[in-house]
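Visitor: Quick one: structure below, then a few questions.
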Amino acid sequence: MFWADELARHVPPGQPQVVNDSKTPSGSIPISSLRGPIIHDAITRALRAAGVTATFLYGSDDVDPMDSQSMKTDAAIAPHMGKPLYAIPAPEAGGTDFADLYTNRFLSSFPELGLHPDQLYRMRDLYRDGKLDASIDLALRNADVAREVLARVAKVNKDAGYFPLHVICENCGRIGTTRVTSYDGREVTYECRKDLVSWAEGCGHSGKTSPFGGRAKLPWNFEWCAQWDVFGVTIEGCGKDLATAGGSRDRSDELFRAIWKKEPPIRVTYEFVTVAGKKMSTSHAEAWRHLGAAAHEIVELLTGEIVRFLMLRTRPSSTIEFDPSGDRIPKLFDEYDRAQDAYLNDPASDLGRIYAMSQLSTKVQTGFRVPFGLLANWLQMPHLDPKAQAEQLVGRKLTDWETNELARRIAVARVWLERWAPEQARFSVATALPEAAHELNERQRELLRRLMPFVGDSLGAEELQAKIYELSRELGIESNAVAFAAVYLAFIGKPHGPHAGRLLASQNREFVRRRLEEAARA
């Protein structure tokens, strides 16, 4: 059974569910960050399929301070280290501020991924509208309970003067450098310390202010609890890094029980997405732009269904390895096509459900798709019309939907060939006899001689392919690979290549006969 269906079967019967996810927009958001919203969307769909009322929320944690060490050397960002992300100017067009820019960029990919949260929220609005005031007051009044929980669960020992809140400094605007020292039920006193953190320097100001209405922010573990409380969240997953023993999720769970007196949401822990074997995070995304590792770039490159399939084909507890180079993208498309076959055979099977969950809506589409590797070969034979070849392959006209799918795959295949295809997957027909053709042995040359007469008649691609097999047997060539290498070496100068029959059939017949004759004499 698909893992999300398993979860849906075990929620309390008749109880509406609220599924929540959020992300800190601290820079270009990598493909790894798509796993969270896609998982939460799949959970929501599985709940609804099981007859459970479900609401899907997605938020931007845009009040978090700029604390990325990698940003300290950025001249435009350095003066703003420690300020809320929403208070930092946008480095380029696309948003009113830093957080708005990267939130917008990430959310822009959601429709193409079939992600349609019932509610989008930004933490700045929750704070400014006073929706978290009650949680702020509750956390401050229970500072002693918070200290006990942090010491017990995480072995983090806070001093007796610790209060779980960060005020926005009225002098310098930083939030990551302030420490609250007292609370009288209406106002807090605070200090903006120069040496509180390593990634930002406070201004030294001290003062007294109300902590409500957007003037302060709860530390993450407490803010997480406040989100659960204000929205009534019942299910929320998190990455493996937050789910370690005594880690962020354990702390938040116990704080929610001890201070809010409520049970935390059901936890779904998911593993990392690695790119070329390395864990991706927002702070790493810029360094991987040449791989297209930023989420919005990957969605532009691949189809939304393929990105969803990439994230859902493995259980959340398994690491996902993504690397667009080599043959990874063709293999991913091949696996997706096998999932469609599984769906057609048994929609309720695990792989069939993964295929269904990979669609952009609950309406599942199926149809003929050209295998990715074959399509990439066709695109490198300019005389071939991919649609005509596809219709010949399937034996009928393509439907409008299949034509659209073909166009989408063509776009992906062109980019893959340009950027990431391995050398053995790239080829072009040489205008002159390749030097490698001189390496042909006598049996290979004889095969090319005997093949010449068949090029001029009515034999099509498949018949030419069969004829090469037949001549290989007649001549006692040691393997079919050696036989086909004769064709490849004569036309593209490599021992490996595309479907040989299609390669020959796609070229001018007179040119093919001349090239076969040249190679046979080489």
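Visitor: Tell me, what ³J(HN,Hα) does each residue in the stretch 206-216 have, in order and in whole Hz, if you take phi through Karplus 6.51 cos²θ - 1.76 cosθ + 1.60 with θ = phi - 60° and put x for Gly and Pro?
Guide: Computed from phi, the couplings for the stretch 206-216 are 9, x, 9, 7, 6, x, 9, x, x, 8, 8 Hz.
Visitor: Stick to the Cα atoms of the stretch 1-99, pair each with every other, and give me the Kirkwood hydrodynamic radius in Å at one decimal.
Guide: Working: mean 1/r = 0.0633 Å⁻¹.
Over the stretch 1-99, the inverse of the mean reciprocal pair distance is 15.8 Å.
Visitor: Got a sec to turn the phi values of the stretch 35-40 into Karplus ³J(HN,Hα) couplings, 6.51 cos²θ - 1.76 cosθ + 1.60 with θ = phi - 60°, whole Hz, x for Gly and Pro?
Guide: 3J(HN,Hα) across the stretch 35-40, in whole Hz: 4, x, x, 5, 4, 5.
Visitor: Roughly what % antiparallel, to the nearest 5, for the DSSP beta bridges in the chain?
Guide: On the way: 15 of 35 bridges.
If I count the DSSP bridges inside the chain, around 45 percent turn out antiparallel.
Visitor: How far is helix 461-474 tilted off the main Cα axis of the chain, in degrees rounded to 10, range 0 to 90?
Guide: Tilt relative to the chain: about 60 degrees.
Visitor: Could you state the per residue volume, in Å³, of the convex hull enclosing the Cα atoms of the stretch 151-199? Show your work: numbers first, answer last.
Guide: On the way: hull volume 5.0 nm³, N = 49.
Per residue, the Cα convex hull of the stretch 151-199 comes to 102 Å³.
Visitor: Sticking with this one: Per the 1.4 Å probe, what fraction of the accessible area of the chain, in percent, lies on carbon and sulfur atoms?
Guide: Values: 10860 of 22090 Å².
C and S atoms contribute 49 percent here.
Visitor: With the radius of gyration and the Kirkwood radius both derived from the Cα set of the stretch 376-522, what is their ratio Rg to Rh?
Guide: Values: Rg = 16.1 Å, Rh = 16.1 Å.
Result: Rg/Rh = 1.00.
Visitor: Decide, for the stretch 440-479, between rounded, prolate and oblate: order the square roots of the alpha carbon gyration tensor eigenvalues as a ≥ b ≥ c, take rounded if a/c falls under 1.5, and otherwise choose prolate if a/b is larger than b/c, else oblate. Kindly include the intermediate steps, with their values, before the conclusion.
Guide: Numbers: a/c = 2.80, a/b = 1.62, b/c = 1.73.
It comes out oblate by the Cα gyration axes.
Visitor: Taking Cα extents along the principal axes in Å straight from the coordinates, which label in (1) 77, 58, 38; (2) 83, 65, 50; (3) 98, 54, 38 is the correct one?
Guide: Matching entry in (1) 77, 58, 38; (2) 83, 65, 50; (3) 98, 54, 38: (3).
Visitor: Oh, and also: Give me the net charge for the shell around E391: Cβ to Cβ below 12 angstrom, other residues only, Lys and Arg +1, Asp and Glu -1.
Guide: On the way: positive: K387, R396, K397; negative: D385, E402.
Counting the neighbours of E391, the net charge comes to +1.
Visitor: Just list whichever of K72/K240; K194/K217; K217/K240; K131/K155; K83/K155 have alpha carbons separated by over 22 Å in the model shown. Show your work: numbers first, answer last.
Guide: Values: K72/K240 27 Å; K194/K217 19 Å; K217/K240 25 Å; K131/K155 31 Å; K83/K155 28 Å.
Listed pairs above 22 Å: K72/K240; K217/K240; K131/K155; K83/K155.
Visitor: Further question: Check the cysteines of the chain one by one and keep only those with no other cysteine Cβ under 4.7 Å from their own.
Guide: Cysteines lacking a close Cβ partner in the chain: C225, C238.
Visitor: Might you tell me the accessible area per residue for the stretch 381-440, computed with a 1.4 Å probe and given in Å²?
Guide: Working: 3500 Å² over 60 residues.
Computed with neighbouring chains in place, this is 58 Å² per residue.
Visitor: Lys and Arg at +1, Asp and Glu at -1: add these up for the other residues within a Cβ distance under 14 Å of D118 and post the number. Before the final figure, lay out each step's value.
Guide: Numbers: positive: R45, R48; negative: D21, D41.
For residues surrounding D118, the net value is 0.
Visitor: Hull surface divided by four, with the convex hull built on the Cα atoms of the stretch 56-118: how many nm²? The partial results should precede the final answer.
Guide: Values: hull surface 19.5 nm².
The number I arrive at for the stretch 56-118 is 4.9 nm².
Visitor: Checking the a/c ratio against 1.5 first, then a/b against b/c, what shape does the Cα gyration tensor give for the stretch 24-180?
Guide: On the way: a/c = 2.01, a/b = 1.19, b/c = 1.69.
Oblate is the answer for the stretch 24-180, as a/c is 1.5 or above yet b/c matches or exceeds a/b.
Visitor: For the stretch 363-444, rounded, prolate or oblate, judged on the Cα gyration tensor with a ≥ b ≥ c (square roots of eigenvalues), a/c < 1.5 rounded, else prolate if a/b > b/c? Display every interim value, and only then the final one.
Guide: Numbers: a/c = 2.94, a/b = 2.03, b/c = 1.45.
Verdict is prolate for the stretch 363-444.
Visitor: Right, another one. Counting Lys +1, Arg +1, Asp -1, Glu -1, what net charge surrounds E474 among other residues with beta carbon under 15 Å of its beta carbon?
Guide: Details: positive: R443, R445, R449, R450, K467, R473; negative: E442, E446, E470, E478.
Within the 15 Å Cβ shell, the charges total +2.
The values are calculated or read from the model by the stated rules, or taken from the named source; none is laboratory data. Bear in mind that the values here come from a model prediction, so they are computed numbers and not experimental data. All Cβ positions, even for glycine, are placed from backbone atoms using ideal geometry, and neighbour counts span all protein chains on display. For accessibility, only protein heavy atoms count, side chains too; no ligands or nucleic acids. Shrake-Rupley method; radii C 1.70, N 1.55, O 1.52, S 1.80 Å.
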